[in-house]
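Okay, structure first, notes after.
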Amino acid sequence: MNVLVVYCHPSKESFTYRIFESFLKGLSTANHSVVVSDLYSMNFQTDMSLEEYNREGFACIEKPLSDDVCIEQQKIQQADSIVFIYPVWWSDCPAKLKGWFDRVYSVGFAYGYDAQGHKQIKMKRQKLGLVLCTAGHSNEFLLQTGIAESMRKVMIDDRLGPRFESKQMHLFGGTINVNEVMDQHIHKAYEIGANLDGLINGID
Ligand SMILES: Cc1cc2nc3c(=O)[nH]c(=O)nc-3n(C[C@H](O)[C@H](O)[C@H](O)COP(=O)(O)O)c2cc1C
């Protein structure tokens with residue numbers, strides 16, 4: 001499969017980076033073809049400009065898109081599946097990744113309607129949308145407090161939504177205190193990458 005990995009963390013010393021590396025090793029074992037958008041390394045602009053807002057807010061799809069947005073959209077069109085890897089920051093993805101959705105999921109590409117009210121989506125429907133996120137809190141805490149469910153609703157139900165056939169979110173929680181958990185998580189990330197095909201049509 002052609003897999004686009006959208007990775008968002010500023011540090012190569014981070015646990016999230018180790019998850020990313022291990023997952024890529026798994027993908028490589030399974031011979032997937034991989035393109036990475038490393039948002040911090042690319043210095044991807046994630047603030048929406050006034051010009052972009054005027055296109056988005058008033059659905060002026062005839063107005064041109066920025067070059068960096070077009071490049072990301074081309075990567076999406078060439079992918080069969082997209083994987084998002086990031087740390088949970090304040091119970092959501094980092095602002096930089098949120099800004100990727102704000103700008104790359106443009107009107108007429110990822111959402112929108114024509115004058116007759118028909119859906120106008122050019123974005124290629126992906127086989128699999130996978131979300132891998134690390135979190136300081138344990139998975140149990142995130143589940144009990146409802147935060148895991150709120151993150152799942154926003155990422156899986158809304159941002160991935162109908163654009164993906166199969167969707168799955170995996171939390172690598174409890175990273176603040178427990179070192180042994182981290183090794184298990186890193187191994188799990190490898191296994192997920194190596195068995196990506198098995199996730200298609202799996203549970204979300
Ligand atoms: C700005 C910031 C906000 C954070 N917010 C949360 C949070 O809301 N919930 C949580 O479980 N962990 C939170 N964390 C902890 C990170 O999720 C955790 O440190 C990260 O997933 C793993 O560490 P890494 O930065 O080495 O990759 C936060 C960390 C930072 C730096």
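Values quoted throughout were computed directly from the atomic coordinates according to the rules given, and no laboratory measurement underlies them. Computed from a predicted model, the values in this text were never measured in an experiment. All Cβ positions, glycine included, derive from the backbone under ideal geometry; neighbour counts span all protein chains shown.
For the chain, what is Rg from Cα atoms divided by 2.2 N^0.38 Å, rounded to two decimals?
Details: Rg = 17.1 Å, N = 204, 2.2 N^0.38 = 16.6 Å.
Compared with the compact-globule rule of thumb, the chain sits at 1.03.
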Phi to ³J(HN,Hα) by Karplus 6.51 cos²θ - 1.76 cosθ + 1.60 over the range 9-23, Hz, x for Gly, Pro: 7, x, 10, 7, 8, 7, 5, 4, 5, 5, 4, 4, 4, 5, 5
Separation of alpha-carbon centers, the range 95-128 and the range 56-89, rounded to whole Å: 8 Å
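Where does each of 164, 23 land when they are ranked from fewest to most other beta-carbon atoms within 10 angstrom? Please report the intermediate quantities before stating the final value.
Details: 164 20, 23 28.
The order, fewest Cβ neighbours first, is 164, 23.
Can you pull out the GluC sites (Glu not before Pro) in the range 1-104 that DSSP calls coil and that have at most 16 other Cβ atoms within 10 Å?
Of the GluC sites (Glu not before Pro), the ones in loops of the range 1-104 whose Cβ has at most 16 other Cβ atoms within 10 Å are 13, 62.
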Once you keep just the Cα pairs under 8 angstrom separated by 6 or more residues, what percentage relative contact order results for the chain? 28 percent
Calculate, for residue 120 and residue 191, the FRET efficiency according to 1/(1 + (r/R0)^6) with r their C-beta to C-beta distance and R0 35 Å; round to the nearest 0.05. 0.35
Which residues' amide hydrogens lie under 5 Å from the amide hydrogen of residue 6, considering only partners 5 or more residues apart or on another chain, with H built in the peptide plane? 37, 83, 84, 85
Residue 169's amide H: which non-local residues (gap 5+, or another chain) put their own amide H closer than 5 Å, with H modeled 1.01 Å from N in plane and none for Pro or chain starts? 131
Cβ-based net charge around residue 174, under 11 Å, with every Lys or Arg adding one and every Asp or Glu removing one: -2
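Among DSSP beta bridges lying fully in the chain, give the percent that are antiparallel, nearest 5. All intermediate terms of the calculation are to be shown ahead of the outcome.
Working: 2 of 29 bridges.
So the antiparallel bridges in the chain amount to around 5 percent.
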Amide H neighbours of residue 120 under 5 Å, at least 5 residues apart or on other chains, H built in the peptide plane: list them. 112, 113, 114
